[in-house]
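The block underneath contains the structure these notes are about, expressed in structure tokens.
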Amino acid sequence: MKSGFIAIIGRPNAGKSTLLNLVLGANVSIVTPKAQTTRERVLGILTEKCGQIVFVDTPGIHRAKEGGINAFMVNEAREALEGPSLIWYLVDPSSAPKHEQAVLELLAGSTVPVILLFTKIDVLRAPQRAALDRFEAEMKAALSEKHIVVAGTMRISARKSQGIKELVAQSWDRMPEGPLHYPDEEQISDRPVRFFVAEKIREQLLLQLGQELPYSCAVEIEKFEEPSGEKRLTRIEAIIHVERESQKGMVIGKGGTKIKDIGQAARAEIERFIEGPAFLGLRVKVLKEWTRDAEALKKMGYHLPEKSKAK
Ligand SMILES: Nc1nc2c(ncn2[C@@H]2O[C@H](COP(=O)(O)OP(=O)(O)OP(=O)(O)O)[C@@H](O)[C@H]2O)c(=O)[nH]1
Ligand SMILES: [Mg+2]
């Protein structure tokens, strides 16, 4: 049997989670047009006759201030680089090589082979397409300067499903022999239902709130009651934590309209996910400056790396 891990890394918004969902054929990681959608590592487990690949989706790598949610996010990507059999490094070719510095620095010292993936080629404009060979050469040079093994380069589109079969086939070839890490063939992720429920709510916050506000929000599932006996509904109560009093009103909206829309859309997604009816109660609370406070971050389930705690 083949069995191995593949870490999916890259800058924010490169298309990592979209690619994972496509390869798995299931939505385990939320996707939005906003950068920094993924906040923590999520596993996607692909089990086939020949074995298992465990994909690790990661938050986008960027330069983060120490001691806050962004440092937590980048650390999640850093930890995913410890010990996979292969790395998929996604690069959006509409950007420029200079923006890849933070990713290259995090990769430095890694001995894991990398498949370099230029993504979203379906929307590539003519000048960027013309510059792609040079972009690729520059990226390869930058990687080899850091002694990183480039196992291959591909141009793909998750939206149009271009190059995906070849990518997965090549990746199977690189998986080592070994026992399955997750023997239950039905299991597609490492996370409990509660996590996905919280993520569906966060997805709506990202989609329905203005530019910066979603980054000040964290979702806590307070109650999750599965249907039992007469009760057919899954009963969910969640708290949306914001950082400041002024943000509370913005999430609730005039006459409660915003939170109602968020709740309705999230509930529809949750019902699809759990395949049954749900009640979703949402409340908004202020957890002062939670994105910068190690204790508050911990309360939200975001544990900072030791080094980053000392501000
Ligand atoms: N046109 C096009 N858009 C894509 C493709 N792949 C992803 N996108 C879009 O790019 C945006 C970001 O996609 P994500 O999958 O959330 O990107 P990510 O790398 O996981 O982003 P973070 O979690 O923020 O780091 C979404 O709007 C996707 O629909 C693609 O192949 N083609
Ligand atoms: Mg993502």
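The values are calculated or read from the model by the stated rules, or taken from the named source; none is laboratory data. All of these numbers come straight from a predicted model, not from anything done at the bench. Cβ coordinates were reconstructed from backbone atoms using ideal geometry, including for glycine residues, and neighbour counts include every protein chain displayed. Side chains are part of the model used for accessible areas, which takes the heavy atoms of the whole protein and leaves out ligands, DNA and RNA. Shrake-Rupley method; radii C 1.70, N 1.55, O 1.52, S 1.80 Å.
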Checklist entry - Considering only residues of the stretch 1-38 that are of a type in the set (Lys, Arg) and more than 9 Å from ligand 2 (Cβ to nearest atom), which is farthest from Gln204 (Cα to Cα)? => result Lys2
Next on the checklist: Suppose we keep only residues that are in contact with a helix residue (DSSP H, G or I) (Cβ under 6 Å, 6 or more places away or on another chain), open to solvent by less than 20 Å² (accessible area, probe 1.4 Å) and not hydroxyl-bearing (Ser, Thr, Tyr) within the stretch 47-80. Which one would you say is farthest from Ser189 (Cα to Cα)?
Outcome noted: Gly67
Checklist outcome for this item: Within the stretch 77-106, residues touching a Ser or Thr at 6+ places or on another chain (Cβ under 6 Å) and either among the small types (Gly, Ala, Ser) or part of a helix (DSSP H, G or I) (or both) come out as Ala77, Ala80
Checklist entry - If you scan the stretch 15-29, which residues turn out to be touching a Ser or Thr at 6+ places or on another chain (Cβ under 6 Å) and either near ligand 1 (Cβ under 7 Å from one of its atoms) or in a loop (DSSP other than H, G, I, E, B) (or both)? => result Gly15, Ser17, Val28, Ser29
Checklist entry - For the stretch 165-193, how many residues are within 20 Å of Glu220 (Cβ to Cβ) and either loosely packed, with under 15 Cβ neighbours inside 10 Å or of a type in the set (Val, Ile, Thr) (or both)? => result 2
Checklist outcome for this item: The one condition Ile236 fails out of (1) over 16 Å from Arg267 (Cα atoms); (2) touching a Lys or Arg at 6+ places or on another chain (Cβ under 7 Å); (3) crowded, with 16+ Cβ neighbours inside 10 Å is (1)
Item to check | Residues of the stretch 34-46 satisfying the condition of being within 8 Å of ligand 1 (Cβ to nearest atom) and surrounded by fewer than 20 Cβ atoms within 10 Å (Cβ to Cβ) | outcome: Lys34, Ala35, Gln36
